[in-house]
Amino acid sequence: MSASTTTTFPLLFSYRDLIGGKGYFAGVEVHGRALLVESDGDVWMYGMNPGGLAGGGATRKEALSDFRRGYNSVLIDIAQASDSFEGFKAEVESFFHETNDALEPDWEAAIAAVRADAVKADWLNRRPYSADAVSISVIRIEQPVAEENSVPNEELAA
């Protein structure tokens, strides 16, 4: 019987979305944090901020993609349930600021491991982590332009 191995990567992610609501378009830009956990052939991405979200798969790419789809789905669900831009903004901000307190010790341990060079993640760019790296902006879009589009990005928090 082989021993199980678990590797945890503290991630900083950036997403930008254009979400249609009842009579408005909203631009949502987040800079969040998550834990990517590889264990016994499964990969899971657990949101730290937003804390109520997870995505999984057999590979890193699948877990990242599943997490991203889940995040986008939550935004759409909130838009469908909100009667106004103001209500949408309040709900999205509340969702984002929920912290996964249960995994906070794991987050801190993962950051310490990266800083001690105990975790190798050549597949990710590194970015220094501080609490101000986590943020959300929700704005009403009056004149959408192509320059508002962006590609999701994940980096190793260091």
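Please determine whether any residue of region 72-79 is outside any helix (DSSP H, G or I) and either under 14 Å from the mean Cα position of the chain (by Cα) or not aromatic (Phe, Trp, Tyr) (or both). Explain how you work it out, then say what you get.
Step one: filter region 72-79 for residues outside any helix (DSSP H, G or I), giving none.
Taking every residue of region 72-79 in turn, none turns out to be outside any helix (DSSP H, G or I) and either under 14 Å from the mean Cα position of the chain (by Cα) or not aromatic (Phe, Trp, Tyr) (or both).
Could you check, for region 137-144, whether at least one of its residues is closer than 17 Å to Leu64 by Cβ and either surrounded by 10 or more Cβ atoms within 10 Å (Cβ to Cβ) or out of contact with any Asp or Glu (no Cβ under 6 Å at 6 or more places or on another chain) (or both)?
Taking region 137-144 first, the residues closer than 17 Å to Leu64 by Cβ are none.
Scanning region 137-144, I find no residue that is closer than 17 Å to Leu64 by Cβ and either surrounded by 10 or more Cβ atoms within 10 Å (Cβ to Cβ) or out of contact with any Asp or Glu (no Cβ under 6 Å at 6 or more places or on another chain) (or both), so the answer is no.
Would you check which residues across region 63-81 are surrounded by 13 or more Cβ atoms within 10 Å (Cβ to Cβ) and of a type in the set (A, V, I, L, M, F, W, C) and list them?
So in region 63-81, the residues surrounded by 13 or more Cβ atoms within 10 Å (Cβ to Cβ) come out as 63-68, 70-72, 74-76, 78-79.
Ala63, Leu64, Phe67, Val74, Leu75, Ile76, Ile78, Ala79 - these are the residues of region 63-81 that are surrounded by 13 or more Cβ atoms within 10 Å (Cβ to Cβ) and of a type in the set (A, V, I, L, M, F, W, C).
What are the residues in region 90-101 that are part of a helix (DSSP H, G or I) and within 16 Å of the chain's Cα centre (by Cα), if any?
First, the residues of region 90-101 that are part of a helix (DSSP H, G or I): 90-97, 101.
Val92, Glu93, Ser94, Phe95, Phe96, His97, Asp101, listed by residue number.
Could you please give the count of residues in region 69-89 that are in contact with a strand residue (DSSP E or B) (Cβ under 7 Å, 6 or more places away or on another chain), touching a residue at least 24 places away in the same chain (Cβ under 8 Å) and of a type in the set (Gly, Ala, Ser)?
Result for region 69-89: 2.
Just give me the residues in region 102-132 being within 17 Å of the chain's Cα centre (by Cα) and either more than 14 Å from Leu11 (Cβ to Cβ) or part of a helix (DSSP H, G or I) (or both), in sequence order.
Answer for region 102-132, where residues must be within 17 Å of the chain's Cα centre (by Cα) and either more than 14 Å from Leu11 (Cβ to Cβ) or part of a helix (DSSP H, G or I) (or both): Ala102, Leu103, Glu104, Asp106, Trp107, Glu108, Ala110, Ile111, Ser130, Ala131, Asp132.
Cβ-Cβ below 9 Å, separation at least six or inter-chain, first residue in region 141-153 and modelled with pLDDT of 75 or more, second part of a loop (DSSP other than H, G, I, E, B): which pairs?
Asn153/Asn125
Which one is farthest from Tyr15 (Cα to Cα) among residues in region 54-71 that are in a helix (DSSP H, G or I) and of a type in the set (A, V, I, L, M)? Before you say what the answer is, go through the steps one by one.
First pass over region 54-71, keeping only residues in a helix (DSSP H, G or I): 60-71.
Subset that is of a type in the set (A, V, I, L, M): 63-64.
Values: Ala63: 15, Leu64: 12 Å.
Per the criteria, the residue is Ala63.
The values are calculated or read from the model by the stated rules, or taken from the named source; none is laboratory data. Just so we're clear, the structure is a prediction, and the values are computed from it rather than from any experiment. We place every Cβ from the backbone using ideal geometry, glycine too, and count neighbours over all the protein chains shown.
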